[in-house]
């Protein structure tokens, strides 16, 4: 079964859209990456810190292994989190044998919209500091060959964004293998 990765900077709407997409499928598992980080009881490093790289690798591999297993069990998978192109090949390699298809969707609202959404959050491990939020937004600003995976959510409500994504998934517009192989 296919795996869909929904990514983007903080405040892009990844979890809202991923949950809605998962509910639209007959058999689907939603894997929000934030949960995987929250499960780290001791030794947790805030993901926006440079020294979190080893933690990212472990979390990405754990998510990919779970996604591959659920996919092999007949479930469509929706992974939501900050899995930028810089980590994508690592994610795909950690899947082992690739599933039927991998789709990659980048939600990217205007900077001020994403920043406003992210800084209004509450929660112990929620990132609300504008500096790292802006830095992560900048990391998604110019994605080169991955620009074709971007959905601008600035002026869309969740239903409109979901409709664009479903249409793109149905047409294979977000298919990852074309981009990774350089045939975008």
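Every residue in region 61-86 that is surrounded by fewer than 19 Cβ atoms within 10 Å (Cβ to Cβ) and in a loop (DSSP other than H, G, I, E, B), please. Across region 61-86, the qualifying residues are 73, 74, 84. With the structure loaded, tell me whether residue 37 is surrounded by 18 or more Cβ atoms within 10 Å (Cβ to Cβ), at pLDDT below 95 and out of contact with any strand residue (DSSP E or B) (no Cβ under 6 Å at 6 or more places or on another chain) or whether it fails that test. Taking the combined requirement at face value, the residue satisfies it.
One line per residue, one yes/no per condition, for (1) under 18 Å from the mean Cα position of the chain (by Cα); (2) more than 30 Å from residue 171 (Cβ to Cβ); (3) in a loop (DSSP other than H, G, I, E, B); (4) free of Cβ contacts under 8 Å to residues at least 60 places away in the same chain:
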{"position": "4", "(1), (2), (3), (4)": "yes, no, no, no"}
{"position": "17", "(1), (2), (3), (4)": "yes, no, no, no"}
{"position": "22", "(1), (2), (3), (4)": "yes, no, no, yes"}
{"position": "29", "(1), (2), (3), (4)": "yes, no, no, yes"}
{"position": "43", "(1), (2), (3), (4)": "no, yes, yes, yes"}
{"position": "53", "(1), (2), (3), (4)": "yes, yes, no, yes"}
{"position": "56", "(1), (2), (3), (4)": "yes, yes, no, yes"}
{"position": "59", "(1), (2), (3), (4)": "yes, yes, no, yes"}
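Scanning region 155-170 for residues being part of a loop (DSSP other than H, G, I, E, B) and under 17 Å from the mean Cα position of the chain (by Cα) gives a total of 0.
On the stretch given as region 135-154, residues that are assigned to a helix (DSSP H, G or I) and closer than 19 Å to residue 112 by Cβ total 5.
Within region 45-55, being at pLDDT 90 or above and surrounded by 13 or more Cβ atoms within 10 Å (Cβ to Cβ) holds for 45, 52, 55. Contact map, region 130-141: residues that are at positive phi and in contact (Cβ under 8 Å) with a residue 60 or more places away in the chain paired with residues that are surrounded by 16 or more Cβ atoms within 10 Å (Cβ to Cβ) and not in a helix (DSSP H, G or I), Cβ distance under 8 Å, separation 6+ or inter-chain. No pairs are found.
Under the condition of being surrounded by 14 or more Cβ atoms within 10 Å (Cβ to Cβ) and either out of contact with any helix residue (DSSP H, G or I) (no Cβ under 7 Å at 6 or more places or on another chain) or farther than 23 Å from residue 35 by Cβ (or both), which residue from region 99-115 is modelled with the lowest pLDDT?
115
Residues of region 65-104 that are closer than 24 Å to residue 143 by Cβ and out of contact with any strand residue (DSSP E or B) (no Cβ under 8 Å at 6 or more places or on another chain): 85, 86, 87, 89, 90, 93, 94, 98. Against the conditions (1) outside any helix (DSSP H, G or I); (2) modelled with pLDDT of 90 or more; (3) surrounded by 14 or more Cβ atoms within 10 Å (Cβ to Cβ), residue 127 satisfies every one except (2).
The values are calculated or read from the model by the stated rules, or taken from the named source; none is laboratory data. In this text the structure is predicted, and so the values were computed from the model without any measurement. Neighbour counts are summed over all protein chains in view; Cβ atoms, including those assigned to glycine, are modelled from backbone coordinates with ideal geometry.
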